[in-house]
Amino acid sequence: MSKILIVEDEESIAELEKDYLELSGFEVEIENRGDTGLERAMKEDFDLYLLDLMLPGMDGFELCKKIRQEKNSPILMVSAKKDDIDKIHGLGLGADDYITKPFSPSELVARVKAHFSRYERLIGSNAQQNEVIEIRGLKIDKTARRVFIHGEEKNFTTKEFDLLTFLAQNPNRVFTKEELFSNIWDMESIGDIATVTVHIKKIREKIETGTSKPQYIETIWGVGYRFKM
Ligand code: CA
C-alpha cells in the first residue's frame, strides 16, 4: 500500500486530509511540526509527502528542500497564499506540485493520484532501462556492464565483471574457488583455480578502500569467498 506523510500543524486540516486519502486506499501518517516531520521523513520511506508551509520547528520551504536532497518521492506543498506559490517556484525547492487552501478533498485526492501514476511510470521506465545492483556505494550496471564505486567508474575486464556480478548476485554465500572457476570460466578453458585468486585480488584493488579489511568480498580461510550484503 502506498504511504503518505502529511506535515500539517492544524489538526482539523490534517485529519481531513488523512480521512480522504485513507478512503482512497492510501496509508497516511501525520506529523504536526516541521522538525519532527523531517525526522520522520528521513527515518521511514514514504511514497508521497504533503507539506504545509507555515509550520512550527521548521517551515515548509526548508522541509521540502531537505526532503528533496534525500528522497525522490513526489512532494506536494499546501499553501493559503498566492505569494507562497510564487516563492515555491522561485526557490526551486524540488516540489512537484502545490495545492491552495481551501481545497476540496476530491481535488486533493485527484492531485495525489495523478502524482502516483506519474511517479510509477517514471520508476517503471527506469527499471526497464538498466538492471543495476547497488550495495554501499558499489554500483554494478549489469546491462551496460559498468562498475562504479562511490560514483567513480572503474574499468573491469570481462571475467572480473562476471566474477564480481556473480558474487554480488549471491550475497552472503560462501563459494569455493572451484565453484567460482566452474561458474565463470568455461570448463574447457585453460587455467586453474589460481586464476580465481588473481581475479579476486584485481577486483579488490578496484572496489575496496583498504585491502586488509575488505568490505565487499571476504576471504573465508580454507573455504573460499563471500560477498557481504
Ligand atoms: Ca500551518
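Just a few scattered comments:
- Here the range 157-229 is assigned +1 on the Cβ of each Lys and Arg and -1 on the Cβ of each Asp and Glu. Its dipole about the Cα centre then comes out at about 400 debye.
- Distance histogram in 10 Å bins (all Cα pairs of the chain, percent per bin): 7, 26, 21, 15, 16, 11, 4, 0
- Unit charges at the beta carbon, dipole of the range 1-130: most positive-side option, 20, 119, 49: 119
- Debye intensity ratio in log₁₀ form over the Cα atoms of the range 155-210, taken at each q of 0.16, 0.17 Å⁻¹: -0.46, -0.52
- In the chain, the longest principal axis of the Cα atoms and the axis of helix 105-129 are about 20 degrees apart.
- Length gained on full extension, residue 201 to residue 80, computed as 0.36 nm times the residue gap minus the Cα-Cα distance: 37.5 nm.
- Two-site label geometry, residue 155 and residue 62: point separation in nm, points 7 Å out along Cα→Cβ: 4.8 nm
- FRET efficiency for residue 212 and residue 69, using Cβ-Cβ distance with R0 set to 41 Å, rounded to 0.05: 0.75
- For the chain, built as a Gaussian network whose Cα springs stay under 10 Å, the top-fluctuating residue of 99, 217, 193: 193
- Under 27 Å from residue 177, Cα to Cα: lysines that are on another chain or at least 8 residues apart: 139, 142, 154, 159, 201, 202, 206, 213, 228
- Distance in nm between pseudo-label sites at residue 23 and residue 136 (7 Å out along the Cβ direction from Cα): 4.9 nm
- Approximate spin-label separation residue 106-residue 39, in nm, with each point projected 7 Å along Cα-to-Cβ: 4.0 nm
- Within the range 24-43: backbone nitrogen closer than 17 Å to the residue 10 label point (7 Å, Cα to C-beta): 31-34
- FRET efficiency for the pair residue 113 and residue 194, taken as 1/(1 + (r/R0)^6) with r the Cβ-Cβ distance and R0 = 45 Å, rounds to 0.15.
- Taking every lysine pair in the range 1-84 that is 8 or more places apart or spans two chains, those with Cα atoms closer than 25 Å amount to 18.
- Least to most buried among 182, 104 (fewest other Cβ within 10 Å first): 104, 182
- Residue exposure sequence - 181, 116 - by fewest surrounding Cβ within 10 Å: 116, 181
Read-outs: derived from the displayed coordinates by stated rules, not from any lab. No experiment lies behind these values; they were computed from the predicted model shown. Don't worry about glycine lacking a Cβ; one is built from the backbone with ideal geometry, like all the others, and counts go over all protein chains shown.
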